[in-house]
Amino acid sequence: MAGNRARKKTLPETPVRTTIESLAHDGRGVAHVDGKAVFIDEALPGEEVEFVYTEIRRDFAEGKVVNLITRNQARSEAPCPHYGVCGGCSFQHVEAAKQIHIKEDLLKEQFKRIGKVAVPELWQPLIGPHWGYRRKARMGVKYVAKKNRTLVGFRERRHPYLAEIDSCRVMHPTVGEKLIDLSELISGLSIREKIPQIEVAIGDKQCVLAVRVMEPPTEADKDKLRAFAREHGVSICLQPKGPDSIVPLDGEPEVIPTYALPDQDIEFKFRPAMFTQVNYEINRQMINRVLETLELNEHDTVLDLFCGLGNFTLPMARYAGRVVGVEGDQPLVDHAKENAKHNKIENVEFYAADLSKDVSDHPWFNRKYNKIMLDPSRAGASEVLKYFKKWQPERIVYVSCNPSTLARDAGILVNELGYKLVKAGVMDMFPQTGHVESMALFVK
């Protein structure tokens, strides 16, 4: 251990003056000092700043602003008192209405630089609530004996420790305004040191908190959890092991959260640890744009890759002749099938397949699809794009949570597979954060 400490370089303490050139994909300002890229928290393009180093590596460095010399016009004071300490947000120093346009510029830059593709036309950004929108989260929990307090929330920026916060303005107020109440609840449990996280799942009408327990709670603990659930109108479950182990408290009914798509008359049921979009307002707008862009009709056979629990599959099935959804997570596939039955939608099929591997022996692979929808994880969809030569879809809509992998894959579709990028745009799925949700349309 002593040897490791000795190798750790002491960071210079003297502030360095520089001008911010651009934004990185995570929203940090980018400057170059002595030929090395420096990623600087809370710095915006065009600003002249003084910063101190927080990390220096061989290929790049990181820093934080200590003195702002000139200001970007989009800069504003962060409304959350925990901003800068809590790592849950990284964009509150930008006016809420201007954040999405900065992300739009970032998307265009990534397409040009990474994909070597120009965006010919931009969709109008999809916008929604700037605060209180987040309905899914995994919150860390840590009992701190020295303070006799339980911390509930998110990690500090650039540190593994939980931030000491008493509210979260980005989280839906059902939970975001009750962090102190949750802290006091857990501090009063006998197993307070054996609870590392809480999975938050807030549906249209239900809120489920899945408490990860490393030891079984006592009967007195369970009584306290039940009383809290009744007082605050939530459902509390216990998670003794992995996500599939989540169960209600003894004697309590299982509450399944739901979210609706009123325009398509669809209701989704989901379990607390399952992936769903965090922002329901933007999700509804996004689905409507996908349906409009794909121009679906009863003659279409659509392939929905990385389909999850059918968030796009089932709405598309309202308009297409046939839709096939493929997803790598078997529990999600099972749940997608249940949701199809729940909504009496019969022209869909769901299959489990790891799309990063060879899927040519799967029964759905050798069919013809004239339209394809993709919504992959941050890693993107490059491994599956090689199959597009076989399917030859005439229309592709790609939804992405990572503009750099979308840009990379756009380069493959356009420069290698002969598709034309028609349109791209951003959705304000994650206001106050550096995350960029985007969409692109490709046609043959």
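What to note about this one:
Every residue, every condition in (1) surrounded by 15 or more Cβ atoms within 10 Å (Cβ to Cβ); (2) out of contact with any strand residue (DSSP E or B) (no Cβ under 9 Å at 6 or more places or on another chain), yes or no:
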residue	(1), (2)
Glu55	no, no
Ile69	no, no
Glu104	yes, no
Lys116	no, yes
Glu121	no, no
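- Matching strands (runs of 3 or more DSSP E) fully within segment 126-208 where at least 3 residues are among the charged types (D, E, K, R): 136-144
- Pairs where the first residue, in segment 90-119, is over 24 Å from Gly63 (Cβ atoms) and the second is among the polar types (S, T, N, Q) and surrounded by fewer than 18 Cβ atoms within 10 Å (Cβ to Cβ), C-beta under 7 Å, 6+ apart: Lys116/Asn415
- Within segment 310-327, tally of residues that are under 17 Å from His362 (Cα atoms) and open to solvent by less than 10 Å² (accessible area, probe 1.4 Å): 4
Residues checked against (1) open to solvent by 10 Å² or more (accessible area, probe 1.4 Å); (2) in contact with a Lys or Arg (Cβ under 8 Å, 6 or more places away or on another chain); (3) closer than 22 Å to Asn297 by Cα:
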{"residue": "Asp329", "(1), (2), (3)": "yes, no, no"}
{"residue": "Ala340", "(1), (2), (3)": "no, no, yes"}
{"residue": "Ser356", "(1), (2), (3)": "yes, no, no"}
{"residue": "Ser360", "(1), (2), (3)": "yes, no, no"}
{"residue": "Pro376", "(1), (2), (3)": "no, no, no"}
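- Among the residues of segment 388-444, those identified as β-branched (Val, Ile, Thr), under 15 Å from Trp123 (Cα atoms) and either surrounded by 24 or more Cβ atoms within 10 Å (Cβ to Cβ) or under 21 Å from the mean Cα position of the chain (by Cα) (or both) are Val397, Val399, Val426, Val436.
Yes/no per residue for (1) surrounded by fewer than 21 Cβ atoms within 10 Å (Cβ to Cβ); (2) within 27 Å of Met171 (Cα to Cα):
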{"residue": "Gly29", "(1), (2)": "no, yes"}
{"residue": "Asp34", "(1), (2)": "yes, no"}
{"residue": "Asp59", "(1), (2)": "yes, no"}
{"residue": "Glu62", "(1), (2)": "yes, no"}
{"residue": "Ala74", "(1), (2)": "yes, yes"}
{"residue": "Tyr83", "(1), (2)": "yes, yes"}
{"residue": "Gly87", "(1), (2)": "yes, yes"}
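- Those strands (runs of 3 or more DSSP E) of segment 1-98 in which 2 or more residues are out of contact with any Pro (no Cβ under 8 Å at 6 or more places or on another chain) and charged (D, E, K, R) occupy 36-41, 48-56, 60-68.
- When segment 198-228 is filtered for residues that are closer than 22 Å to Asp244 by Cα, surrounded by fewer than 18 Cβ atoms within 10 Å (Cβ to Cβ) and in contact with a strand residue (DSSP E or B) (Cβ under 7 Å, 6 or more places away or on another chain), only Gln206 remains.
- First in segment 384-408 and touching a residue at least 24 places away in the same chain (Cβ under 8 Å), second anywhere and among the acidic types (Asp, Glu), Cβ under 6 Å, 6 or more apart: Val399/Asp375; Cys401/Glu437
- Test: residue in segment 297-309 that is modelled with pLDDT of 95 or more, under 19 Å from Gly203 (Cα atoms), open to solvent by 20 Å² or more (accessible area, probe 1.4 Å) and not acidic (Asp, Glu): no
- Every pair of residues 6+ apart whose Cβ atoms lie under 9 Å, when the first sits in segment 179-193 and is within 18 Å of Phe154 (Cα to Cα) and open to solvent by 50 Å² or more (accessible area, probe 1.4 Å) while the second is aromatic (Phe, Trp, Tyr) and not in a loop (DSSP other than H, G, I, E, B): Asp181/Phe228; Arg192/Tyr143; Glu193/Tyr143
- When we screen Glu50, Glu42 for residues that are among the charged types (D, E, K, R), surrounded by 15 or more Cβ atoms within 10 Å (Cβ to Cβ) and on the phi > 0 side of the Ramachandran plot, the only hit is Glu42.
The values are calculated or read from the model by the stated rules, or taken from the named source; none is laboratory data. Not measured: the values here are computed from a predicted model. With ideal geometry, Cβ positions are generated from the backbone for all residues, glycine too; neighbour counts draw on all protein chains shown. Just so you know, the surface numbers come from the protein's heavy atoms only, side chains and all, with ligands and any DNA or RNA stripped out. Shrake-Rupley method; radii C 1.70, N 1.55, O 1.52, S 1.80 Å.
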